Every structure is written in structure tokens, then in C-alpha cells.
Amino acid sequence: MKKSRIFILVLVLLLTVLVSAENLALNKKYLVNLPAEASYPDSGVELTDGKKATASIYNAGWAGYLRQDYRIFIVDLGATYEINDITISALQDVVTGVHLPKWTCFSTSTDGRRWKAIDVVELDEMDLPNGIVRYTIASRSNNAKARYVALKLEVGTWLFVDEITVEGNLDTKEDITISCTLEEIDFKEIEFDY
Ligand SMILES: [Ca+2]
């Protein structure tokens, strides 16, 4: 009896490891519709390098985006996968004008041309933590198939972003059929709820 229980436990643990989601966005290419400010630059790898910034505007891990209403970030996963949670982490430091986005829209595509708006996350100031914090905004994509993931974030004064993640299962990888490159994507064609 005991042996069979141990066997089942090991089996469950093994299955959990096998189906556990991984960050498919890690070290993947991304584009932003407008570049980060020179004072808080992004070299083009920091938002998917797996490194978290500390909750300080002086930490070099933050890319800073100033005004102009919103930014759109597109991550190329390199192949189509079934994806689960999409997250983006931002800084709140109200005194220095760094605010969390009031809304964040999520959209996915398998070919970079046809897009599907999948979620909007709105942040209510009443619900936000006080002080200087690194805050993660998350969306559930309910096993959407995607090669490209786009996020559109409201920008008030400053938006500071350090990392985007896309959770999914590597085993669901599909070979690329017809799709455009990241550079060929037209930001205006992406479907968002806002
Ligand atoms: Ca990072």
C-alpha cells in the first residue's frame, strides 16, 4: 500500500514537472512602437532577459517611456505555442512621476497579420499598493495559440518596464508556416480592446 502511494506521488510529481509552463518569451526578440527615452534606455534585450529590476528608478534594468499616451510591445516567440499567462512588470514611484498603466491590453497572433484581442487589465488606484513597488500585470490567455504576443499599455507621465513573460508549454510548439517577421508587423493592424 505504501509503495503504491509513493509510486503515485512520484508519478504526479513527474507529470507536474513535464507539463509545467515555461517562460517562452525568455531571450526572445521584441519591438516597441516608440523607443525608450535616452535617460532610461533599452538596449533591445532587457525586457526579455529574465532579469528583474529592483524597485528604484536608479536601477538600470528599467526601460523608461515618456508620455505619448501609450506604448505597444510585441514579442516574437519564434514559433507557435499554446500559451497561458502573459505578464509585464512595471514600476510605481508616484513622487517621481512613474505610474503603473491605468490599462493594459493583450492581443495574440500566429502569423503577425491577423490579431485577436484577448484581455484588458484595468488597475484601480484604490487597489494598488502604496509606495515604491515593482508590480506585475498578468493576463490569462486560456491556451490561445500564438507566435506573437502584443501588449498595449497606457502611459501617463512615465512608464517604467523591466520584463515581459509568456507562460506556455514547449511541447505544444508548431512549425512555422506562413508568417511575417517582427519588423514587418504593422502596429496599426493589431487588434486591441482599447
Ligand atoms: Ca529584464
Revision key, fill the gap. For 181-187, 162-168, 28-34, ranked highest to lowest by mean beta-carbon neighbours within 10 Å, the order is 162-168, 28-34, 181-187
Review point. Can you work out the FRET efficiency for the pair ASP69 and LYS145, with r the C-beta to C-beta distance and R0 = 41 Å, to the nearest 0.05?
Key: 0.85
Practice item. Collect residues whose amide H, placed 1.01 Å from N in the peptide plane, falls under 5 Å from the amide H of ILE118; neighbours closer than 5 in sequence don't count. Key: PHE106, SER107, THR108
Point to revise | Label-reachable residues, region 98-126, where backbone N falls under 16 Å from a point 7 Å from GLU174's Cα toward its Cβ | key: 108-116
Revision key, fill the gap. Per the helix-only model, the chain has a calculated mean residue ellipticity at 222 nm (DSSP H runs of ≥4, -39500 (n - 2.57) each, divided over all residues, rounded to the nearest 500) of -3000 deg cm²/dmol
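What is the order of TRP158, TRP62, fewest Cβ neighbours within 10 Å to most? Can you show the working numbers first?
Working: TRP158 20, TRP62 30.
Arranged by neighbour count, lowest to highest, TRP158, TRP62 become TRP158, TRP62.
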Check your understanding: So how do LEU128, LEU91, LEU11 line up by other beta-carbon neighbours within 10 Å, fewest first?
Key -> LEU11, LEU128, LEU91
Practice item. Using a cut-off of 10 Å between beta-carbons, work out the net charge of the residues near GLU46 (Lys and Arg +1, Asp and Glu -1, GLU46 not included). Key: -3
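Listing LYS152, LYS51 from the residue with the fewest other Cβ atoms within 10 Å to the one with the most, what is the order? Could you put the intermediate results ahead of the total?
Working: LYS152 23, LYS51 11.
The most exposed by this proxy come first: LYS51, LYS152.
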Revision key, fill the gap. By the Cα gyration tensor axes a ≥ b ≥ c (a/c under 1.5 gives rounded; else a/b larger than b/c gives prolate, otherwise oblate), the shape of region 22-189 is prolate
Review point. Going by alpha carbons, how many degrees (0 to 90, nearest 10) lie between the helix axis of 2-19 and the longest principal axis of the chain?
Key: 40
Practice item. For region 169-177, take each phi angle, set θ = phi - 60°, evaluate the Karplus expression 6.51 cos²θ - 1.76 cosθ + 1.60, and give the result in whole Hz per residue in order, putting x for glycine and proline. Key: 10, 4, 5, 8, 4, 10, 5, 5, 9
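No lab work stands behind these numbers, since they all come straight from the coordinates. Everything numeric here is computed off the predicted structure, so don't read it as measured data. Neighbour counts run over all protein chains shown; Cβ positions are idealised from the backbone, glycine included.
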